[in-house]
1. When you check VAL562 against the structure, is it under 28 Å from ASN634 (Cβ atoms) and not in a helix (DSSP H, G or I), yes or no?
2. Which of (1) modelled with pLDDT of 90 or more; (2) under 22 Å from ALA143 (Cα atoms); (3) out of contact with any strand residue (DSSP E or B) (no Cβ under 8 Å at 6 or more places or on another chain) is the odd one out, the single condition LYS348 does not satisfy?
3. So, restricting to helices (runs of 4 or more DSSP H) that lie completely within the stretch 1-90, which ones have at least 2 residues that are modelled with pLDDT of 85 or more?
4. Quick check on this structure: which one of ASP386, ASP463 is over 30 Å from THR135 (Cβ atoms) and out of contact with any Leu (no Cβ under 6 Å at 6 or more places or on another chain)?
5. So which residues in the stretch 364-388 are at positive phi and loosely packed, with under 14 Cβ neighbours inside 10 Å, if there are any at all?
6. What pairs come up if the first residue lies in the stretch 370-395 and is more than 23 Å from SER48 (Cβ to Cβ) and assigned by TED's automatic domain parsing to the domain that holds GLU339, the second is assigned to a loop (DSSP other than H, G, I, E, B) and acidic (Asp, Glu), and their beta carbons are under 6 Å apart, counting only those six or more places apart or on different chains?
7. Select, from ALA618, ALA588, ALA573, the only residue that is more than 23 Å from SER529 (Cα to Cα), surrounded by 20 or more Cβ atoms within 10 Å (Cβ to Cβ) and either assigned by TED's automatic domain parsing to the domain that holds PRO527 or touching a Cys at 6+ places or on another chain (Cβ under 9 Å) (or both).
Amino acid sequence: MEFLLFKGDCMRDLKRTLLLFLVLTCLIALVCTDQDYYSLLGISKEASNREIRQAFKKLALKLHPDKNQNDPDAHENFLKINRAYEVLKDDELRKKYDKYGEKGLEDHQQGGRYESWNFYRYDFGIYDDDPEIITLDRGEFDAAVNSGELWFINFYSPRCSHCHDLAPTWREFAKEMDGLIRIGAVNCGDNRMLCRIKGINSYPSLYVFKTGMNPVKYYGDRSKESLMSFAMQYVTSTVTELWAGNFVNAIQASFASGVGWLITFCAEGGDCLTSQTRLKLAGMLFLNSLDAKEIYLEVMQHLPDFEMLSAASLEDHVAHHRWLLFFQFGESDKSNVHEFKKLNFLLKDEHIQVGKIDCLSAPSVCSNLYVYQPCLAVFKGKGTEDYEIHHGKMILYDIVAFAKESVNSNVITLGPQNFPGKEKEPWLVDFFAPWCPPCRALLPELRKASKHLIGQLKFGTLDCTIHEGLCNMHNIRAYPTTVVFNQSNVHEYEGHHSAEQILAFIEVCDSHIMTPYLPQVSVDLTPQSFTEKVLHGKDHWVIDFYAPWCGPCQNFAPEFEVLARTVKGKVKAGKIDCQAYAHTCQTAGIRAYPTVKFYPYQGAKRNVLGEHIDSRDAKGIADLLTERLAVIKNKGKRKKSSRNKVGNLWPL
């Protein structure tokens, strides 16, 4: 009997072992079949759109079925890399993939078709290998053209023969103008929405963009010389011819206004800079770089460096002034230093000063700000806690766009010391990782949205690569994750990464779900404040009489907040708890909950019974109040007119 029991135990153990083995085998098979898209393309998770295109093109030329006709698996293998490319080039699909893996893409299974090998060889990513030409996507476009620099952009389609005819000329033109103006390209095949918004209906379409100026379309012939002649019209630089009669006065006048000189001395008949080269050099020194680059680099090296702030001076500097600060560890990177010296000029209109801090000399400053590697940040003139770190490209136009956006937005960088707690006002917090492209694309959209919600909702960003513990505490599993906090209430945003969608989510009138996350506009009244402010005060009031236990009252509460926001500035909104202040409600004639009453100010003590409003719809009540205020205003005008007439007749 004991032997049989032992045998049964062994069989059970064996079954468990076999079952565990089968489960592990299935899991391994499942993992092996769910191939990582980044690995398929041979790229890192922080790869830019340009790097994704370049990696895919390289694989497409190698693995395309047209070039592997003897491989029976060529079609399936190519579909895999094509699928990886289709997902990773799309910011929304990429976010879903990063968050949920392939399971998150079940609603996006379209695909299965691809182009010929010739398309990938000759038509795909026309300008991706040209360093002088910046290929812009939808997420980068606005920041680029609003940076203050001059842009000349080629909107093209990969299938357009005229676009391919222009490509060699556009490359030569870009090399010629490199540094003087920015030369860009937009692939309308990949960015249909952007091109539609910009009114592009033919290819190629060439436009000049500059802040404060409407885009200008180029209609001339497509030669390098004609393109240069057109572009130079928008280079707003000045070349002054100096001679004995104006030399001293011109130089002294410029010095008085803080402007230096670069002077070329040329004898008649000698080797002189051409008029166009002089104009390019002048434009280069005020906008970017160009031809005559040896002269340019030599001149820029002699311009003064940024002010170095110390740990002692930082607090005082950023308390009342806007600053763009470079954080460096010892010697800074010299690769772009000549370009960055233009920042003072480009940010002057926004009253942003530019400086730097050496973290080796001021370690406490950098550790308090959680700065552990070279970076730059904008301080908004409100102290050391009101700042935002830049996570974009370390190139001039991107830095300028970031600085201008940041100082005018309501977004700050968060850490443990200022992360919203239960006792604080509502916040929208973006949990992100700097290596994540969809995260970087979302940041400018958050800045845009924040401008519309100043005073209602604060915006902050938390870098989960630095504050991993804080992100784990809030169960963050993918980037970006955007969450609204209001004390103990938490709500995650799942919409598209655009300012419009974020605002639609937060807009109280569109979605009452967000009302608890916004500051209360209505005022909680006591019997004393009701008497002083409503009955004896000089404001119009709309009052919600309610009881905390009343279900309809609870349902009406967010609607009343919508009403309070709608009529803010015209009518004050108050709430009275009839359970706590039963006598006040009885005196006001309240017999049911909720009851809404209007108490208009008409220059005399108001009736405690007020004017009953038989509606629980915010818009309907707001319309009624607007009509009632118009009647009161007209009545006041008639009284004033009557008094004037009596006054005019009295002397007779």
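The values are calculated or read from the model by the stated rules, or taken from the named source; none is laboratory data. Everything numeric in this text was worked out from a predicted model, so none of it was measured. Backbone-built Cβ (ideal geometry, glycine too); neighbour counts: all protein chains shown.
1. no
2. Condition not satisfied by LYS348: (1).
3. Helices (runs of 4 or more DSSP H) meeting the threshold: 37-41, 49-63, 74-88.
4. The unique qualifying residue is ASP386.
5. Residues of the stretch 364-388 that are at positive phi, as a first pass: 370, 381, 383.
Correct list: GLY383 only.
6. What qualifies is LYS380/ASP386.
7. ALA618
Okay, residues lined up against (1) of a type outside the set (Phe, Trp, Tyr); (2) under 28 Å from GLU132 (Cα atoms); (3) in a loop (DSSP other than H, G, I, E, B); (4) modelled with pLDDT of 90 or more:
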site: ASP190; (1), (2), (3), (4): yes, yes, yes, no
site: PRO215; (1), (2), (3), (4): yes, yes, no, yes
site: GLY220; (1), (2), (3), (4): yes, yes, yes, yes
site: PHE230; (1), (2), (3), (4): no, yes, no, yes
site: THR236; (1), (2), (3), (4): yes, yes, yes, no
site: GLY258; (1), (2), (3), (4): yes, no, yes, no
site: LEU262; (1), (2), (3), (4): yes, yes, yes, no
